[in-house]
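No value in this document is a laboratory result; all are computed from the given coordinates. As the structure is a prediction and not an experimental result, all values here were calculated from the model. In this analysis, Cβ positions are derived from the backbone assuming ideal geometry, glycine residues included, and neighbour counts consider all displayed protein chains.
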Amino acid sequence: MTLLIRRMIPQDLEQVVEIDRASFSLPWPARSFLHELTENPAARCWVAEMDGGIAGMIVMWLILDEVHIATLATKAGFRRQGVADSLLMHALTCARGEGARKAFLEVRAGNRAAQAMYRKHGFIQDGRRPRYYKDNQEDAILMSLERLPEEA
């Protein structure tokens, strides 16, 4: 199985929304992904394709020299196979090529697996946003990466 990482296109949205809904208790509506893809000049949207379908996706915003990871998810059948790692590294490397130097994100306090993946790539915990998530009032952990990777 070969993993192909490429820019997201409108034809990917049905699968992307499906992955998002299956991954998060507060999924984005389809119109939000469409907005990021077609109307937000700061957005960088990528998908990981495997076996003819979308295995994962990432949306990030590039603002000046900073990247904000807005969402990252892997389809259930492809988790723990390096899809999210590959998407993250590809997206950060491309952002660095566009002049980005730092990255930021919020992650649920209870999502230890995601936090561990981010730490593996050099992200550190900077702070906490109390009751950030509206569905259950869970805190968000703020993480940052001070130096983006030079190559994937």
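For the condition more than 19 Å from Val16 (Cβ to Cβ), surrounded by 16 or more Cβ atoms within 10 Å (Cβ to Cβ) and within 17 Å of the chain's Cα centre (by Cα), Ala103 qualifies. Of all residues in segment 35-65, exactly one satisfies the criterion of being within 20 Å of Leu105 (Cα to Cα), over 15 Å from the mean Cα position of the chain (by Cα) and of a type in the set (Asp, Glu), namely Asp65. In the condition set (1) surrounded by fewer than 17 Cβ atoms within 10 Å (Cβ to Cβ); (2) in contact with a helix residue (DSSP H, G or I) (Cβ under 8 Å, 6 or more places away or on another chain); (3) in contact (Cβ under 8 Å) with a residue 60 or more places away in the chain, Gly53 is compliant with all but (3).
No other residue among Ala113, Ala109 is small (Gly, Ala, Ser) and loosely packed, with under 13 Cβ neighbours inside 10 Å apart from Ala113. Scanning segment 18-31 for residues that are over 13 Å from Ile58 (Cα atoms) and either surrounded by 12 or more Cβ atoms within 10 Å (Cβ to Cβ) or among the polar types (S, T, N, Q) (or both) yields Glu18, Arg21, Ala22, Phe24, Ser25, Pro27, Ala30. Can you go through Arg7, Arg101 and tell me which one is more than 25 Å from Arg128 (Cα to Cα) and among the charged types (D, E, K, R)? Criteria check complete, one pass: Arg7. Filtering segment 32-42 to residues that are crowded, with 18+ Cβ neighbours inside 10 Å and hydrophobic (A, V, I, L, M, F, W, C) leaves Phe33, Leu37.
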